[in-house]
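Please read the structure below before turning to the comments.
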Amino acid sequence: MKQKISRRKMLGALAVSGGMIGLSVSCSTSEHAPTKLAAKKTDGTPMQFFPKNGPDANPQLNDIEKYPKCPYCGMNRKQWHHSRHLVHYSDNKVDPTCSLHCAAISLSLNIDRQPKAIYAADYGSNEKIKPLINVDEAAYLVGSKLPGTMTAQSKMAFADRAMAETLQGDKGGEMADFEKALTQSYLSMARDTNMIRKRRAAKRKKMQHG
């Protein structure tokens with residue numbers, strides 16, 4: 001990671017998610033919360049749905065094979081390889097997510113832990129599985145006509161800014177760095193969460209009625 005992620009800037013971006021952080025704290029302290037999850041030695045991070053990730057010094061290598069599912073939504077990271085992110089914390093614990101949306105959740109729930117590196121898929125790559133790039137070196141195309149993952153407002157990362165700008169001419173959207181894209185994820189979190197909840201409820205209802 002050529003340039004360490006600024007803790008001050010990161011906390012500034014996280015500030016917009018104060019309501020969600022408060023909700024997470026209140027839920028984690030309720031009598032119904034799965035508080036025992038945080039105590040397991042093999043937990044990746046305290047509030048994961050699938051807390052099975054131990055320390056990994058190089059989580060970006062073969063990340064899909066090692067981490068096939070997003071810990072916050074359960075989505076298949078190979079299927080959504082083009083939008084996946086991976087947060088590598090300073091204690092070598094890992095949050096491998098399907099999207100920037102879920103990476104933003106990880107960063108909120110782990111606000112007192114320092115990210116050592118954050119990776120995103122290079123949407124502009126022609127490889128069968130998009131390779132990961134450090135977000136410090138990425139250019140994001142936000143709000144284009146490209147379909148979003150876990151959000152109505154897509155936020156795709158590119159290793160080549162010129163390629164992102166070319167696609168912008170066809171698909172629209174705005175250019176952004178990681179911090180701006182992360183902030184937009186928090187600003188749309190309530191709307192996106194409500195959208196996801198409704199879609200999943202409709203899917204469950206359809207499955208129940210055949």
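The values are calculated or read from the model by the stated rules, or taken from the named source; none is laboratory data. The structure displayed is predicted, hence computed values, not measured ones. Heads up, the Cβs are rebuilt from the backbone with ideal geometry, glycines too, and the neighbour counts pull from every protein chain shown.
Residue pairs whose Cβ atoms lie under 7 Å apart, separated by 6 or more positions or on different chains, with the first residue in the stretch 80-101 and more than 23 Å from LEU187 (Cβ to Cβ) and the second among the β-branched types (Val, Ile, Thr) and not in a strand (DSSP E or B), are HIS81/ILE64; HIS81/ILE129; LYS93/THR45. Give the residues of the stretch 88-105 that are of a type outside the set (Gly, Ala, Ser) and either in a helix (DSSP H, G or I) or under 8 Å from the mean Cα position of the chain (by Cα) (or both), sorted by residue number. PRO96, THR97, CYS98, LEU100, HIS101, CYS102, ILE105, listed by residue number. Which of (1) without any contact (Cβ under 8 Å) to a residue 60 or more places away in the chain; (2) in contact with an Asp or Glu (Cβ under 8 Å, 6 or more places away or on another chain) does ALA202 not meet, given it meets every other one? Every listed condition holds for ALA202 apart from (2). Is there a residue in the stretch 156-174 that is touching a residue at least 60 places away in the same chain (Cβ under 8 Å) and over 15 Å from the mean Cα position of the chain (by Cα)? No, every residue in the stretch 156-174 fails to be touching a residue at least 60 places away in the same chain (Cβ under 8 Å) and over 15 Å from the mean Cα position of the chain (by Cα). Within the stretch 106-155, track down each residue that is within 20 Å of ASN76 (Cα to Cα), outside any loop (DSSP other than H, G, I, E, B) and of a type in the set (Gly, Ala, Ser). Within the stretch 106-155, SER106, ALA120, ALA121 meet the criteria. Test ALA104 against the criterion of being buried (at least 24 other Cβ atoms within 10 Å of the Cβ), of a type outside the set (D, E, K, R), in contact with a helix residue (DSSP H, G or I) (Cβ under 7 Å, 6 or more places away or on another chain) and at pLDDT 95 or above, and give yes or no. It is true that ALA104 is buried (at least 24 other Cβ atoms within 10 Å of the Cβ), of a type outside the set (D, E, K, R), in contact with a helix residue (DSSP H, G or I) (Cβ under 7 Å, 6 or more places away or on another chain) and at pLDDT 95 or above.
Just one of the listed residues (ALA39, ALA57) is at pLDDT 95 or above, hydrophobic (A, V, I, L, M, F, W, C) and exposed (fewer than 12 other Cβ atoms within 10 Å of the Cβ), namely ALA57.
Being surrounded by 12 or more Cβ atoms within 10 Å (Cβ to Cβ) and part of a helix (DSSP H, G or I) is a property that ASP192 has.
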